[in-house]
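Nothing in this text is a laboratory measurement; each read-out follows from the coordinates by a stated rule. Model, not experiment: these values are computed from the prediction. Reconstructed Cβ throughout: ideal geometry from the backbone, glycine too, with neighbour counts over all protein chains shown.
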Amino acid sequence: MLTEKLPRVPLAHLPTPLEPLPRLSEKLGVELWIKRDDQTGLAGGGNKTRKLEFLIAAAKAAHADTVITGGAPQSNHCRQTAAAAAKSGLRAVLVLAGEPEPASGNILLDTLLGAELVWAGNRPRDAVMAETVAAQKAAGHTPYLIPYGGSNFIGASAYVAAVEELAQQTATRNLPPFDRILFASSSGGTHAGLALGVAALNLPTQVLGISVDKPEVELTDEIVGTLATETARQLGLPHRFSGENIFADDGYMGLGYGVMGNTEREAITLFARTEGILLDPVYTGRAAAGLLDLIRRGKIAAGERILFWHTGGFPALFAPKYAAKLAAENRQ
Ligand SMILES: Cc1ncc(COP(=O)(O)O)c(C=O)c1O
C-alpha cells in the first residue's frame, strides 16, 4: 500500500463497485464503466468519505474533540464530515457560505447528523473558518481544521489508495486498463490523488478532471499540480506534477458553480433513465455533461474504454432550487 504510513480509520464501504454501463455504452459508442464512489456508504456516500478515513485519523492523532470544515450550503463534503464526526465520536462545526438557508438536501442531513452550522454571510470563508477555530478553542474544545473539500495531502492520499483499489479490481477480473478516467474536479484532492496513483502504478490511463468551477490552468498548474507533488513528497514517491502532466477540461463550467443548466439536466436524466444511476446537479452532472460532449465532438474516440468515477452528491437533488428545475423539465 502506497499510503500505509498514514493513520486511517475505517468509514467507507470499500472496495466500491466497479461496473460496466452496457446500455449507456451502446448509446454513446464507447466502452463505459463506472466506479461507484457514490456508494461509499456513509450517510449518502461520496468521494469525501475516502478522504475522511485519513483526515479523521489525523484529527484523532491530534487529540481533537471537534472537526471544523467549510463549504457551499449544499456541500457534500460538509455532510460527509458531519457523518464521519458522528461515527467517530467527534463534534462537527460546518462553516457554510452565504445567508442561512432552509434545511433541505445536504443541509437537512448536516443538522440530522448533529453538526453545528455557522453561516458566513458574505464574509471571506477563510476568515470565518479562522474565527470559528478561535471560538471553539475559547469554548474549551480542541478543534481540528479540515480544509475546504478535504483537499490537502492527507485527503488526496485517499485517492492514491483508491487507484490501488481499482488496479486490484481490474487485475482480479482480468480487465485491460482504461484509456481514461473522467470525473468532477473542484478543490483538487480527488484529482491529485488519482493522478499520483495512476503515475505511481504506471497505468497507461489519462486522468481527466472536468473542472466544476476553475479555469484549466489554475486547476492543473496551481492547485492539482502543487497538491499532487506535495502528496508524492509526503508519501515518499518520486513523482512531480505540473500543467504538463495534469489534465483538465474547463469547457463545462456553464453559468458558474452550483448553477445547473440544460447540459447537466440532460446528463442527469440520461444516466437515471438508461442505467438507474443518480448523478448530482453540481459535480457529477457537470462531469457527465462533459463526457457526453467530448464523445459527441469526437474528442473521446469511438470505442475508448472510459471509467466514469462517480463521486456522489445525490442529496443535493433534493434542494428546492435543483428539485424544482428537474421536476419541471421531466414532467411527463
Ligand atoms: C459530488 C462531488 N464530486 C466531486 C467533488 C470534487 O472533489 P474535489 O473537491 O476533491 O475536487 C466534490 C467536492 O465537493 C463533490 O461533492
Using only the Cα atoms of the chain, what do you get for the radius of gyration and for Dmax, in Å?
18.9, 60
Sorted from fewest to most neighbouring beta carbons within 10 Å, what does the list R265, R297 look like?
R297, R265
Just how far, in whole angstrom, is segment 229-283 from segment 113-173 if you go by their alpha carbon centroids?
19
How many nm is it between the label spots at Q234 and A127, if each spot is 7 Å from the Cα in line with the beta carbon?
2.8
Amide hydrogen neighbours beyond the local backbone of T66, cut-off 5 Å, H modeled
R91, T142, Y144
The number of Lys pairs in the chain whose alpha carbons lie under 25 Å apart, excluding pairs fewer than 8 residues apart on one chain, is 25
Can you give the translational diffusion coefficient of segment 47-150 in µm²/s, computed by Stokes-Einstein from the Kirkwood radius over Cα pairs at 4 °C and 1.567 mPa s?
98
Rounded to 5, the percent of DSSP beta bridges in the chain classed as antiparallel:
10
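Given a Förster radius of 22 Å and the C-beta distance between A324 and T274 as r, what FRET efficiency does 1/(1 + (r/R0)^6) yield to the nearest 0.05?
It comes out at approximately 0.40.
If we count other beta carbons within 10 Å of each Cβ, what is the order of I223, I146, fewest first?
The most exposed by this proxy come first: I223, I146.
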